[in-house]
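Just below is one structure, and these are the notes that go with it.
The values are calculated or read from the model by the stated rules, or taken from the named source; none is laboratory data. Keep in mind the model is a prediction, meaning the values are calculated, not measured. Note: ideal-geometry Cβ built from the backbone for every residue, glycine included; neighbour counts use all protein chains shown. Heads up: the accessible areas ignore ligands, DNA and RNA and are worked out on the full protein's heavy atoms, side chains in. Shrake-Rupley method; radii C 1.70, N 1.55, O 1.52, S 1.80 Å.
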Amino acid sequence: MPYLELQNISLGFKDQTLFENLNLSINKGEKLVISGPSGIGKSSLLKLILGFIPEFKGQIKFNDETISTQNIWKLRRSIGYISQDSDIGEGKVSQLIEDIFALKANIKQKPKESRITKLLHDFMLDESTLNKDFEDLSGGEKKRVAIIISILLDRDFFFLDEITAGLDAEAQETVIDYFIQSTHTAIIISHDKEWLNRNGVKEFRLKSNK
C-alpha cells in the first residue's frame with residue numbers, strides 16, 4: 001500500500017494547465033525526486049498535496065485514507081516541509097528553537113540539548129551557532145538551521161523544495177547524505193543531480209502540457 005498516492009490529478013490556472021491526469025505514488029521510506037524544467041509546477045504540486053491549492057481535480061490518499069479539507073491536518077502533521085526560503089524567524093537561534101517547541105502543538109516534542117548538539121555537528125555547524133542571531137547567519141547556515149529544526153519536530157515524511165540550492169559542495173553533500181541514509185520518506189525537488197546519483201532514489205519527471 002502506498003504511503004502517499006495521487007490519482008488523476010489535474011490542475012490549471014487561468015488558461016494554463018499544469019498537470020492533467022497525473023498519477024504518482026511513494027511508499028514509506030522511499031526517496032523520490034520530482035524533476036522537470038523551472039516553472040513546470042513542481043512546487044505547486046507540493047503545495048497542492050498540502051492543501052494550499054484546493055481547486056484541483058483528482059484524489060489524494062495518505063495511508064490509504066482519501067484526503068479532504070476535513071482531514072488535511074493528518075497529512076500536514078506527518079510532513080516536514082522545508083523550502084529554499086530559510087528566513088524562519090529572528091533572534092538567537094537557541095531562543096528560536098525554544099519558541100517553536102513552546103507552541104502547544106510541539107511542546108511534547110521538546111528535544112534534549114544533546115540531540116540538538118548532535119544535529120549541529122551532523123550538519124557541520126558549531127555549538128556557538130545557538131548563541132548567534134539567526135539573521136546574522138549566512139544563507140547556508142540559515143538553511144541548515146531550518147533543516148535541523150524540521151528534523152527535531154520528528155516528522156517522518158519530508159517535502160524538500162530546493163533545500164541544497166546555494167549550499168557549497170560539502171554542505172550540499174552532507175544534507176543529501178543525511179536524508180538518503182535516513183529512514184524518512186522524502187519527496188525532493190532539486191536541480192542538483194547529486195540526489196539522483198544515490199542508490200535507491202527514484203525519479204518522477206513532470207512534463208509540460210503546452
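Below are the figures for this structure:
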quantity: Cut-off 13 Å between beta-carbons: net charge of the residues surrounding E55, Lys and Arg +1, Asp and Glu -1; calculated: +3
quantity: Given 14 as the ceiling on other Cβ atoms within 10 Å, longest exposed-site-free region of the chain for GluC sites (Glu not before Pro) in DSSP loops; calculated: 91-210
quantity: Share of alpha-carbon pairs per 5 Å distance bin for the stretch 124-210, given as whole %; calculated: 2, 11, 24, 23, 18, 12, 6, 3, 1, 0, 0
quantity: Listed pairs K28/K202; K47/K202; K42/K207 exceeding 19 Å between Cα atoms; calculated: K47/K202
quantity: Cβ-based charge dipole, the chain, positive-most Cα from I26, T129, L46; calculated: I26
quantity: Proximal lysines to K110, defined as alpha-carbon separation beneath 19 angstrom and excluding residues fewer than eight positions away on the same chain; calculated: K92, K118
quantity: Theoretical ellipticity at 222 nm over the chain - DSSP helices of four or more residues, -39500 (n - 2.57) apiece, nearest 500; calculated: -8500 deg cm²/dmol
quantity: Whole-angstrom gap from the stretch 1-56 to the stretch 115-152, using each part's C-alpha centre; calculated: 30 Å
quantity: Nearby aspartates and glutamates by direct alpha-carbon distance to K61 (threshold 18 angstrom, same-chain neighbours under 8 apart not counted); calculated: E5, E20, E30, D156
quantity: Cα-based convex hull volume of the stretch 27-152 per residue, rounded to whole Å³; calculated: 153 Å³
quantity: At most 13 other Cβ within 10 Å, DSSP loop - chymotrypsin sites (Phe, Trp or Tyr not before Pro), the stretch 51-136; calculated: F52
quantity: Protein accessible area in the stretch 42-159, 1.4 Å probe - carbon and sulfur %; calculated: 48 percent
quantity: The stretch 77-210 - charge dipole about Cα centre, Lys and Arg +1 at Cβ, Asp and Glu -1, debye rounded to 20; calculated: 800 debye
quantity: 19 Å tail of the calculated P(r), the stretch 1-79, as % of Cα pairs; calculated: 34 percent
quantity: Cα-based Rg and Dmax for the stretch 92-132, where Dmax is the largest Cα-Cα distance (Å); calculated: 10.6, 30
quantity: Net charge dipole size for the stretch 35-74 [Lys, Arg +1 and Asp, Glu -1 on Cβ; Debye, nearest 20]; calculated: 100 debye
quantity: Cα pair distances exceeding 31 angstrom across the chain, given as percent; calculated: 22 percent
quantity: P(r) tail fraction, the stretch 122-172 - alpha-carbon pairs more than 16 Å apart, %; calculated: 42 percent
quantity: Within the stretch 2-84: Cβ-based charge dipole about Cα centre, in debye rounded to nearest 20 (Lys, Arg +1; Asp, Glu -1); calculated: 280 debye
quantity: The stretch 1-42 - Rg and Dmax from Cα coordinates, angstrom; calculated: 12.2, 37
quantity: Counting DSSP beta bridges with both ends in the chain, the antiparallel % (nearest 5); calculated: 45 percent
quantity: Nonlocal amide H pairs with G12, under 5 Å, H built at 1.01 Å; calculated: L18
